[in-house]
Every structure is written in structure tokens, then in C-alpha cells.
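Novice: Here it is, the structure in full.
The values are calculated or read from the model by the stated rules, or taken from the named source; none is laboratory data. Not measured: the values here are computed from a predicted model. Every residue, glycine among them, receives a Cβ derived from its backbone with ideal geometry; neighbour counts consider all protein chains shown.
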Amino acid sequence: MTIKTSIPESELLSAGHLACQGCGATLAMRYALKGLGKETVLVTPACCWTILAGPAPRLSVGVPLLHCPFATAAATASGLKAGLVAKGDEKTQVVVWAGDGGTFDIGLQALSGAADRNEDILYVCYDNEAYMNTGIQRSGGTPQKAWTMTTQGKGGSERPKKDLDSILEAHHIPYIATVTPGYPEDMVRKFKKARGIKGFRFIRVLSPCPPGWKHDSSDTVDLSKLAVQTGSFALYEIEDGAFRLSMKTPKRKAVGEYLKRQGRFRHLTEKDIVEMQEVVDAAWKRYESRS
Amino acid sequence: MPRLAFDPEKTAPILISGRSMAENKTGIWRSIRPQIDKEKCTHCMVCWKYCPEACVDIASGIPEINMGYCKGCAICADVCPADCVEMVEEVAR
């Protein structure tokens, strides 16, 4: 019996990895590798995936993975790419696989440098919106009002989420995209496309985290889809400065539907939710005026 | 602990830098177990698509969950459009 699957059947993520039940970041890696294929090498700074990859000599992905210090992912990848080219290997795709802490905060300087030099690498940030690996501390990627271990008792995070995509856009790089594991076909397509582009490419993955977002492990895919359907997370591509929404949502669901499913937003009042709806509506006005 | 014993039959053949994490049988983490109702199953493979463990085997055309690795996250039960995956309590043997 032949089966038709909507995403490639070949698997480069091995079972037995060390992720929590229902981890969004493992789904993200699974789809990313389906899009990228075997001729890939991953560079990982400190993040959940440092652990999920497994203790050496074991490895849970079917491609080589290089661990590097927290702040240096983009610099390490730049060097790795230069080394491969020096050895005559132009084909292997160098991919940084970093969390939001290693991208929004600690790795930002190296990231900006590599983007500025337009290094021929793909930088992927799987954004679970806090330092989840060290026990849910606030990062630059944490949304406003979200509970974390370091924002508790203050009504959640006081500052809004850093608009990293705009920072990257200001570097005039050839490709920026957002994806989330609730839409695997879109993910595989964008990773395949990114692989074919030369220069610095950036993909941000919204990655639900059951222990950090305080939701049931079975809700990972649902929440990932709800983030898009409520407009809290927009799927788009920016190719050479041209902005294009990947999924137009003319009838967006209420943002509350997405927030109320997560324990990290449990303390929100109705007024807070109205405010957050306004933030999302304002963001969509900008998206729609651009596309 | 026999947990990390190498199983040549079941370990995925993707050994790049030495040994695969497939040696690590994460099935022991599970407290609830998915059960597929084979009669209701429409073979849409959505459970395979969304499995974070990549432990649903679809080679035979019928999804088969590898209980050696399934952590019992219940995503398959949540996403199944035919509603044919039921989560049942694991019992001590």
C-alpha cells in the first residue's frame, strides 16, 4: 500500500530524544530537517536543543551537530561555512539552531554581525518565548503580561516582546520567514526555499512549550494553530524587502481563545485581554498595509 | 540499567557521530498510552505527521505507534480527525 503524505516521509529526527512530552521544538526540528535534507550541519548554542540532541557520542538527529557557547552561534556558523568552502564543499548547508534567549538577547551581537556580513548561512530561532531550558526566566522574546519565574507577582512581563524580525529586516538580508509547527507543510516549504537562497537567511519558529506556557502536552499543535488563527503570530515571508503574508486570516478568532488555553496568561483580566487584542489588531493593520 | 541497551533491530540507521539516541527507550516515561481503533482509522496519517517523537510507523499503510518510545503526550489523540485514538491509563505490571 502506498501512502501519500503531505510532507516528506524520510525522517532525520530519531526517537529516544530527551524532549519533554509534547515539545514544540522537536516538531520544529523534525519538519525543518525534512525541508533541509541530509546535507546539513547544525550549530547549536545553549538552549533546550543542547540537551535534546543527547549526550555525546549519542545524537538524536541524522546530521552533524556542533555545540557552541551561548553568544557565538552566528559567529561559529560563519567560521564553519568558511571552513567548508575552503575545503571545497559549497553544498553543505550551515544552519544555526538557537532558542530565543540565544537569539533575542545573548546571541544578538553575533547574529547582527553575521547578518551584516551577509554570511551564507541559515539562522533559525525556535522561539518558545522564555529561557525554558534553565527554568522559565523572561527573555526578550517573552510577550507582554506573560508569567515567567522572573516576572511573577508583577502581573507578568512588563515589557512587550522585542520585534526581532524588524531588527533583522533592518539588516537588508535576502530572506526572513516565520513558521510554526501547527502548519508543517508551510514549514517544510519555507525551509526548502531558504536552502535554495544564497546569503543570510533568518527563520523564526513559534514553538509551544508545555512546561513553560503551562498547557497540556496534547495542546501543542492546537495552540500553534490558534496562535496563527487568532493573529497573535503571523506567518509571513520577507524576500529582498518584499513582504508577503503566507496565510491571510480575514476572520481572525479572538485573541482570548489563544491566551486562555495557557497557564502563563491565567492571571489576565478581561481588560488585559482587550488590550492584547488591540495590540494584535494594530500589528495586523501594519501587515495588511504592507502586503 | 538495561534502558540504554543497543538494539540493532530497532535503532534507526542514522548513526552520524557514533550512536543514535534511539538507544534511549523513552517509553518508560509514559503514564497514559494511546490506543488506535483500527476499524475507525481512516489512514490519514495525521498522527504520524504531528508526532514529536517521530515514533509512528506508517510503512504498512496503517499507523503503528512504537511503544518503546511513545512518551504519552496525547497529541495524536488530540489531532486525529476520525477521533479514533484513545488515551488509556498505564497499569503497573
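Novice: Can you tell me which of B:A22, B:A12 is closer than 21 Å to A:L12 by Cα, modelled with pLDDT under 95, facing chain A (nearest Cβ under 9 Å) and outside any loop (DSSP other than H, G, I, E, B)?
Specialist: B:A22
Novice: Within segment A:9-39, count every residue that is within 11 Å of another protein chain (Cβ to nearest Cβ), in contact (Cβ under 8 Å) with a residue 60 or more places away in the chain and over 22 Å from B:N24 (Cα atoms).
Specialist: Matching residues across segment A:9-39 total 1.
Novice: Could you grab me the full set of residues in segment A:34-43 that are surrounded by 15 or more Cβ atoms within 10 Å (Cβ to Cβ) and farther than 14 Å from A:V96 by Cβ?
Specialist: A:K34, A:G35, A:G37
Novice: (1) within 9 Å of chain B (Cβ to nearest Cβ); (2) farther than 17 Å from B:P52 by Cβ: which one isn't true of A:P45, the others all being true?
Specialist: (1)
Novice: While we're looking at this one, here's another question. How many of the residues in segment A:14-32 are surrounded by fewer than 24 Cβ atoms within 10 Å (Cβ to Cβ) and within 21 Å of A:L122 (Cα to Cα)?
Specialist: Summing the residues that are surrounded by fewer than 24 Cβ atoms within 10 Å (Cβ to Cβ) and within 21 Å of A:L122 (Cα to Cα) in segment A:14-32 gives 0.
Novice: With within 14 Å of the chain's Cα centre (by Cα) and over 20 Å from A:G263 (Cα atoms) as the only criterion, which of A:M187, A:M132 stands out?
Specialist: Selected residue: A:M187, the only one of A:M187, A:M132 that is within 14 Å of the chain's Cα centre (by Cα) and over 20 Å from A:G263 (Cα atoms).
Novice: Another question, then. Working only within segment A:44-74, note down all residues that are crowded, with 22+ Cβ neighbours inside 10 Å, modelled with pLDDT of 95 or more and more than 19 Å from A:V205 (Cβ to Cβ).
Specialist: A:C68
Novice: Next up: Do we find a residue being buried (at least 17 other Cβ atoms within 10 Å of the Cβ), touching a strand residue (DSSP E or B) at 6+ places or on another chain (Cβ under 8 Å) and under 25 Å from A:P181 (Cα atoms) anywhere in segment A:79-90?
Specialist: No; the residues of segment A:79-90 include none that is buried (at least 17 other Cβ atoms within 10 Å of the Cβ), touching a strand residue (DSSP E or B) at 6+ places or on another chain (Cβ under 8 Å) and under 25 Å from A:P181 (Cα atoms).
Novice: Within segment A:91-107, is even one residue within 14 Å of chain B (Cβ to nearest Cβ), crowded, with 24+ Cβ neighbours inside 10 Å and in a helix (DSSP H, G or I)?
Specialist: At the first step, the residues of segment A:91-107 found to be within 14 Å of chain B (Cβ to nearest Cβ) are A:92.
With crowded, with 24+ Cβ neighbours inside 10 Å added as a condition, the list becomes none.
No, segment A:91-107 contains no residue that is within 14 Å of chain B (Cβ to nearest Cβ), crowded, with 24+ Cβ neighbours inside 10 Å and in a helix (DSSP H, G or I).
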